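Reading through the structure tokens given below for one structure.
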Amino acid sequence: MQTKIEAFFNSVKEKNSNEKEFLQAVYEVAEIIIPFIEAHPKYQNKMLLERIVEPERAIIFRVPWLDDSGKVQVNRGFRVEFNSAIGPYKGGLRFHPSVNLSILKFLGFEQVFKNSLTTLPLGGGKGGSDFNPKGKSDNEVMRFCQSFMGELFRHIGADTDVPAGDIGVGSREIGYLFGYYKKIKNEFTGVLTGKDLSYGGSLIRPEATGYGCVYFIQSMLKTKNDSIKNKKVVISGSGNVAQYACQKITELGGKVVAMSDSTGYIYDEKGIDAEKLQVIMTIKNENRGRIQEYLDTYKNAQFFEGQRPWGVACDIAIPCATQNELNKGEAEELVKNKVLVVAEGANMPTTPKAIEILQQANVLFAPGKAANAGGVATSGLEMSQNALRYSWKKEKVDEKLREIMYHIHASCEAYGKNDAGEIDYVKGANIAGFVKVADAMLAQGVV
Ligand SMILES: NC(=O)C1=CN([C@@H]2O[C@H](COP(=O)(O)OP(=O)(O)OC[C@H]3O[C@@H](n4cnc5c(N)ncnc54)[C@H](O)[C@@H]3O)[C@@H](O)[C@H]2O)C=CC1
Ligand SMILES: O=C(O)CCC(=O)C(=O)O
């Protein structure tokens with residue numbers, strides 16, 4: 001006899017059999033939410049979870065563009081508009097060769113719960129393309145973005161769906177996308193977030209995901225009367241989220257000893273301080289180079305080609321690169337080295353087996369939908385500023401970001417604390433995220 005969770009999961013699997021990342025994300029939520037629904041009659045017999053796992057709309061489109069040699073290239077574009085119960089669809093665009101419907105559905109599904117946790121009126125969505133910006137000229141990236149927006153513009157709008165950046169989509173891409181939207185729609189609205197300050201971006205948005213993740217770690221450590229000071233930290237990735245997580249950890253007295261990219265990781269025993277981080281920012285954001293180039297400036301550091309950094313002993317591990325980048329064996333290694341905290345800066349970087357290992361060992365584990373929600377929360381603040389046609393000071397946005405992250409921690413605590421006083425952050429984040437969306441869906445009827 002199948003349990004309710006198995007029966008639910010099997011029916012989702014039947015319809016989405018080729019979508020392994022999406023199924024992984026759904027299973028993690030279902031095994032927590034189904035028992036919660038069972039215990040709360042208000043949410044029963046309304047097919048709420050069945051409705052939530054079905055995107056309201058998924059758009060797939062052709063993106064033809066001309067490369068620098070005049071040859072025609074074709075990519076596939078996507079926007080998955082997952083759930084608009086509590087606000088306009090909101091979530092990033094990812095440009096990476098691995099992008100497919102499964103990855104964007106997992107990201108869009110996660111985004112629904114994450115955006116709900118922020119307390120802001122944001123629905124969930126995600127989009128992107130299998131286009132690889134790496135190795136392309138600025139003109140090629142611009143032509144691609146214009147072609148992508150040439151279709152996407154029909155589906156988005158400041159009150160409908162507001163995309164932003166993700167892997168491979170930073171301020172350069174957002175600028176080209178925004179410029180083309182403005183041209184074809186003849187309107188200047190907050191249709192995208194992550195914009196440059198010169199045309200409506202928010203202070204602190206670039207920093208927000210990394211900073212927010214560190215604020216969340218502060219709250220977790222506080223429950224143990226501990227802090228970030230003097231903690232040894234390992235971060236994977238060296239893009240937007242990783243860079244600002246590193247900056248905030250250093251500011252708070254921690255020491256980041258390793259960072260990575262898809263080619264391997266660097267280890268710097270002395271710590272990647274503010275000056276050294278600047279070198280990484282130049283390599284990554286300006287030269288669009290490889291992390292190994294860090295050794296051109298800091299010769300005492302080491303580079304481990306093709307390896308992930310989880311074997312490096314640390315107190316805090318922050319995976320900030322991509323999905324499923326921390327597996328069971330690596331979690332066991334972290335536990336062996338007495339890690340205290342693992343907080344997901346990336347979306348679903350920790351495999352289900354790895355989460356099990358960490359939780360069993362009483363490591364404080366924060367899922368991405370809670371720990372990395374600071375980015376989209378600050379996008380919500382960018383939308384508010386755009387609607388007001390006003391810009392808030394850096395300190396004000398940072399203060400609001402802190403408050404939101406502390407509030408998310410409190411929500412995880414409210415729904416995830418067990419009788420022994422320990423917080424299960426996965427349980428807490430999923431239930432707290434679900435309740436607001438479910439209440440809004442119940443209020444709005446069957447639509
Ligand atoms: N940018 C944002 O505001 C937010 C991003 N995230 C998530 O954070 C993660 C990183 O995103 P960003 O920093 O924005 O992207 P990014 O494009 O700025 O950086 C991505 C980093 O991940 C590395 N990477 C990519 N694929 C990899 C692989 N297969 N193995 C090892 N390293 C790999 C890249 O080398 C790069 O260092 C993603 O999971 C994204 O969905 C989550 C919330 C908000
Ligand atoms: O700021 C946004 O809307 C996008 C953030 C995002 O894609 C994410 O939270 O994964």
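The values are calculated or read from the model by the stated rules, or taken from the named source; none is laboratory data. Computed from a predicted structure; not experimentally measured. Note that we place each Cβ from the backbone using ideal geometry, even for glycine, and neighbour counts take in every protein chain shown. Areas reflect the complete protein model, heavy atoms only, side chains present, ligands, DNA and RNA absent. Shrake-Rupley method; radii C 1.70, N 1.55, O 1.52, S 1.80 Å.
Quick one: pull the percent of accessible area on the chain belonging to carbon and sulfur, 1.4 Å probe, ligands and nucleic acids left out.
That fraction is 49 percent.
Distances longer than 14 Å among the Cα atoms of region 156-235: what percent of all pairs is that?
The calculated P(r) of region 156-235 puts 70 percent of pairs beyond 14 Å.
Report the Stokes-Einstein translational diffusion coefficient (µm² s⁻¹, integer) for region 265-319, Rh taken as the Kirkwood radius over Cα pairs, at 20 °C with viscosity 1.002 mPa s.
Once the numbers are plugged in, D ends up at 179 µm²/s.
Dipole of region 174-228 (Lys/Arg Cβ +1, Asp/Glu Cβ -1, origin at the Cα centre): which of 215, 204, 184 lies farthest to the positive side?
The residue sitting farthest along the positive end of the dipole is 184.
Taking 0.36 nm per residue of separation and subtracting the Cα-Cα distance, what length does fully extending residue 60 through residue 396 add?
117.1 nm
Springs between alpha-carbon atoms under 10 Å, Gaussian network over the chain: tell me which of 72, 233, 376 tops the mean-square fluctuations.
Sorting by GNM fluctuation, first place goes to 72.
Assuming R0 = 51 Å, can you tell me the calculated FRET efficiency for the pair residue 74 and residue 1, based on Cβ-Cβ distance, to the nearest 0.05?
Rounded to the nearest 0.05, the efficiency is 0.55.
So who's got an amide H within less than 5 Å of the one on residue 237, skipping anything under 5 residues away but keeping other chains? H placed 1.01 Å off N, in plane.
Here the answer is 260, 261, 320, since their amide H atoms fall under 5 Å of that of residue 237.
Using a probe radius of 1.4 Å on heavy atoms only, what accessible surface per residue do you get for region 77-219? Whole Å² is fine.
29 Å²
Between residue 46 and residue 336, what is the label-to-label distance in nm when each label sits 7 Å out along the Cα-to-Cβ direction?
Each label point lies 7 Å from its Cα, and together they span 4.8 nm.
Stick to Cα atoms and the Kirkwood definition of Rh, then tell me Rg/Rh for region 60-99.
A ratio of 1.14.
Counting only GluC sites (Glu not before Pro) that are in a DSSP loop and have at most 15 other C-beta atoms within 10 Å, tell me the longest site-free stretch of the chain.
Longest gap between qualifying sites, sites excluded: 1-186.
Would you work out which of 96, 429, 193 lies farthest towards the positive end of the dipole of the chain, given +1 charges on the beta-carbon of Lys and Arg and -1 on that of Asp and Glu, about the Cα centre?
Projecting each Cα onto the dipole axis, the largest value belongs to 193.
By DSSP, what percent of the beta bridges with both residues in the chain are antiparallel, rounded to the nearest 5?
Taking every DSSP beta bridge within the chain, about 55 percent pair in antiparallel fashion.
Give the Debye-formula value of log10 I(q)/I(0) at each listed q (0.09, 0.14 Å⁻¹), with one equal scatterer per alpha carbon of the chain, two decimals each.
-0.54, -1.39
Tell me the mean residue ellipticity at 222 nm calculated for the chain from its helices only (DSSP H runs of n ≥ 4, each -39500 (n - 2.57), averaged over every residue, nearest 500).
Helix contribution divided over all residues of the chain: -14500 deg cm²/dmol.
In Å and from the alpha-carbon atoms only, list the Rg and Dmax of region 301-364.
Rg and Dmax of region 301-364, Cα atoms, are 11.0, 34 Å.
Can you work out the accessible area per residue across region 285-426, with the rest of the protein chains kept in place, probe 1.4 Å, in square angstrom?
47 Å²
So if each residue of separation counts as 0.36 nm, and I subtract the Cα-Cα distance between residue 227 and residue 420, what length gain in nm does that give?
Between residue 227 and residue 420, full extension yields an extra 67.3 nm.
Based on Cα coordinates alone, diagonalise the gyration tensor for region 295-447, multiply each eigenvalue by 5, take square roots, and list the semi-axes in whole Å, largest first.
31, 24, 14
Taking every pair of distinct Cα atoms and averaging 1/r, then inverting, what Kirkwood hydrodynamic radius in Å comes out for region 1-132?
Averaging 1/r across every pair of different Cα atoms and inverting gives 16.0 Å.
What residue among 154, 143, 290 shows peak mean-square fluctuation when the chain is described by a Gaussian network model with Cα springs under 10 Å?
The residue that fluctuates most here is 154.
May I have the extent of the alpha carbons of region 186-335 along their three principal axes, as whole Å values ordered from largest to smallest?
Taking the Cα atoms of region 186-335, the three principal extents are 54, 41, 30 Å.
Based on a Kirkwood Rh over C-alpha pairs, give the Stokes-Einstein translational diffusion coefficient of region 81-193 at 20 °C and viscosity 1.002 mPa s in µm²/s.
Rounded, D is 152 µm²/s.
Have a look at 166, 130, 68 and tell me which one the Gaussian network model of the chain (Cα, springs below 10 Å) gives the largest fluctuation.
Judging by the Gaussian network model, the answer is 68.
Name the trypsin sites (Lys or Arg not before Pro) in region 292-339 that are in a loop by DSSP and that have at most 10 other C-beta atoms within 10 Å, would you?
299
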